[in-house]
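Report on the following structure.
Every number here is computed from the coordinates shown, using simple stated rules; none is lab data. Bear in mind that the values here come from a model prediction, so they are computed numbers and not experimental data. Here the Cβ positions follow ideal geometry from the backbone for every residue, glycine too, while neighbour counts run over all protein chains shown.
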Amino acid sequence: MNESRPSNCTSSMVVEARGISRGFRQGPKRVEVLKDINLQVPAGTSLAIVGASGAGKSTLLHILGGLDRPDKGEVYVDGKSVWQMSERERGDLRNSRMGFIYQFHHLLPEFTAMENVAMPLLIRGEPTAVAVLRATEILETVGLGQRLDHKPGELSGGERQRAAVARALVGKPACVLGDEPTGNLDERIANQVFEQLLELNTELQTSLILVTHDMGLAAKMNQQFELHMGGLQPL
């Protein structure tokens with residue numbers, strides 16, 4: 001992969017993994033999915049993690065986001081050890097410094113696009129007026145300014161996923177983690193959503209870590225890594 005975008009990262013590390021190992025019990029055997037993973041994610045960079053199904057990509061992403069605890073090793077966000085924090089502190093960290101996008105949008109069906117996107121700010125304790133204004137601004141940025149009052153069932157698949165992107169970015173996180181965020185979309189819409197993610201990565205200087213099976217999409221990011229046999233290697 002030699003067609004990656006020019007790096008726009010700085011020297012500071014937003015996320016750093018040191019010696020991450022994780023295994024699971026399968027019947028009488030234990031399978032080691034991640035083996036002594038080390039990774040540094042500079043501010044403002046975009047990074048793709050590719051690999052076969054079952055290689056442990058989602059597990060690694062969840063560990064980097066503080067959603068799953070490794071058997072060994074540590075994750076640092078803004079230089080702070082995630083697993084030395086209390087559960088409440090990790091929750092606050094995820095709300096304020098991390099954004100998450102999944103293959104399925106996970107929007108709440110009873111709320112409008114604007115309400116779904118404003119939710120992280122309301123949970124954070126922002127005044128309603130501030131949350132609504134910021135949600136409106138980011139939805140306009142992703143091309144949904146005319147769909148603010150529409151519920152997920154009234155949006156197309158691409159619109160729902162763009163709303164999920166807006167929700168991940170509304171709190172101006174230091175890093176966004178995406179687990180196959182365009183996997184449920186057709187190729188044309190997937191490329192549109194992906195390009196928008198890269199544009200926002202550059203515009204907002206938010207680091208972007210994406211798990212993907214699409215090598216073409218991965219090639220557009222600053223860095224590419226392959227997870228294979230428990231190890232993470234640059235491509």
Practice item. Would you calculate a helix-derived [θ] at 222 nm for the chain, using -39,500 (n - 2.57) for each DSSP H run of n ≥ 4 and dividing by the full residue count, to the nearest 500? Key: -10500 deg cm²/dmol
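When each pair of different Cα atoms in the stretch 90-153 is counted once in the 1/r mean, what is the Kirkwood radius in angstroms, to one decimal?
Values: mean 1/r = 0.0810 Å⁻¹.
Kirkwood radius, the stretch 90-153: 12.3 Å.
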Exercise for review: Starting with the fewest neighbours, write out Val14, Val31 ranked by other beta-carbon atoms found within 10 Å of each beta-carbon.
Suggested key: Val31, Val14
Check your understanding: So which lysines can Lys220 reach, going by Cα to Cα under 28 Å and dropping same-chain residues fewer than 8 places off?
Key -> Lys35, Lys57, Lys172
Practice item. Just the Kirkwood number for the stretch 53-114, please: inverse of mean 1/r across all distinct Cα pairs, in Å, one decimal. Key: 13.4
**Study point:** Kirkwood hydrodynamic radius of the stretch 98-235, from inverse mean 1/r over distinct Cα pairs, in Å
**Key:** 15.3
**Study point:** Dimensions in Å of the stretch 1-124 - Rg and Dmax from alpha carbons
**Key:** 16.6, 48
Practice item. Using the number of other C-beta atoms within 10 angstrom as an exposure proxy, rank Ser96, Ser58 with the fewest first. Key: Ser96, Ser58
Practice item. May I ask you to evaluate 6.51 cos²θ - 1.76 cosθ + 1.60, the Karplus curve with θ = phi - 60°, for each residue of the stretch 70-76 and list the ³J(HN,Hα) values in order in whole Hz, giving x for glycine and proline? Key: x, 6, 9, x, 8, 10, 10
Practice item. Tell me which residues come under 5 Å, amide H to amide H, from His150 once H is placed; ignore anything under 5 positions away on its chain. Key: Ala113, Met114
Exercise for review: Report, in degrees rounded to the nearest 10, the 0 to 90 angle that the Cα long axis of helix 128-141 makes with the longest principal axis of the chain.
Suggested key: 80
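Run the dipole for the chain about the Cα centre, Lys and Arg Cβ at +1, Asp and Glu Cβ at -1, nothing else charged, and hand back the magnitude in debye, nearest 20.
Numbers: 25 positive and 28 negative charges, 143 e Å.
For this selection, approximately 680 debye.
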Check your understanding: By how many degrees, between 0 and 90 and to the nearest 10, does the Cα long axis of helix 87-97 differ from the longest principal axis of the chain?
Key -> 60
Review point. In whole angstrom, and with the biggest value first, how far do the Cα coordinates of the stretch 164-213 range along each principal axis?
Key: 28, 17, 16
